[in-house]
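Here's the structure, in structure tokens; my notes come after.
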Amino acid sequence: MAGKPVRPINAIDQTRRMLSLVTYLRERPGARVEDVARAFGISEDELVSDLDVLPMCGTSFRGGDLLDIDTDGERIWWHNPDDVAEPLRLAADEATALLVAARAVSTLPGLRESDRQALLRATAKVEAAAGEAAGASSRLSVTFESEGGVFADVDRAISERRRLWIRYYSPARDEVTEREIDPIRLVSVGHTYVEAWCRRSEARRTFRLDRVAEIRILDESSAPPEIELRDLSEGLVQPAAEDPEVVVEVGPGGRWVAEYYPHDSADELADGGLRITLRTPDPTSLRRLALRLGRDGRIVSPQALADSARQAAREALTAYDGAEVQGEHGAHGVHDGQ
């Protein structure tokens, strides 16, 4: 099977491809995997990834209405093309939801004009077919939060191969930074992210869209280096062998760390806790973990990180001590005034 793709993909292009793929496969039962991949200009890995998604699509979520498509690695078989080919009949609530969503999407900033016009034409056809249900939908509206606009700008930048300027909030450092990035692809793993080449760090980085405070599409062309796209099927955080090693010791109340953080090893301790060895490209991000653990855990190494976490804990305690002193002074003042 061919190797993984090295070219950018975006969600809209993949959706278009999968819609075309359904028509293509209906007309070519038993089509060869390599022939279909060649026809669509994609790798066999990309095609198989699409085929993994298609069985979750259909006219409803009932089993018989889903696409029964599978492959033996050489050929592709669609077992129920006639069952899902019946004209779609929308209930009133389904028509209302579809029309409201379509109108909302058509207002997204950054949406390509050709896509907007195609969506509006499709919406008009649904309105005509929906009859009275269309009237109810006209009284409803949806406003997207900022992530919707960020998504549209990122998708447009990927399609037009343009660079982005962003102001990005990093919770690990509790700071907002300005960066120029060459977007590579949009991914959804719990939240929506853009994988990009960051010009500030000269490395691949992943940015969560709801943490983008401001975004602009630049005139400069996007030119990320040719890098192999990561397989994100096992999650977004996948430490590399060359990442710095961090050792954390946790008590019984901190054993959850081994469940939530990918790690190399987790050795049992006498008190019922664990000695956890993990890798991360940004060790300083674990200071927040140390503060969250409190008496349930501590960073053992590297020493500089352990010292940094200890200093952060001291500063936090000092802030609380200062608040208590101010509170006592305030209470005395009230008493004296009485």
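The values are calculated or read from the model by the stated rules, or taken from the named source; none is laboratory data. Here the structure is a predicted model, which is why all the values come from computation and not from measurement. Note that we place each Cβ from the backbone using ideal geometry, even for glycine, and neighbour counts take in every protein chain shown. Calculation scope for accessible area: heavy atoms of the full protein, side chains included, ligands and nucleic acids excluded. Shrake-Rupley method; radii C 1.70, N 1.55, O 1.52, S 1.80 Å.
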Which far-off residues, 5 or more places away or on another chain, put their amide H under 5 Å from the one on T280, with H placed in the peptide plane? V246
For D182, D52, D153, D210, what's the largest-to-smallest order of accessible area, 1.4 Å probe? D52, D210, D153, D182
Using a 1.4 Å probe and counting only protein heavy atoms, arrange W256, W77 so the residue with the most accessible area comes first. W77, W256
Counting only DSSP loop positions in the range 174-230, the GluC sites (Glu not before Pro) whose Cβ has at most 12 other Cβ atoms within 10 Å are E202, E226, E228
Modelled label-to-label distance, D243 and Q303, 7 Å Cα→beta-carbon offset: nm? 2.5 nm
Considering amide H positions built from the backbone, and no H for Pro or chain starts, which residues 5 or more places from R185, or on another chain, come under 5 Å of its amide H? E195
Once phi is turned into ³J(HN,Hα) by the Karplus curve 6.51 cos²θ - 1.76 cosθ + 1.60 with θ = phi - 60°, what whole-Hz value does each residue of the range 20-37 show in order, with x for glycine and proline? 5, 5, 4, 5, 4, 6, 4, 8, 9, x, x, 4, 6, 4, 5, 5, 5, 4
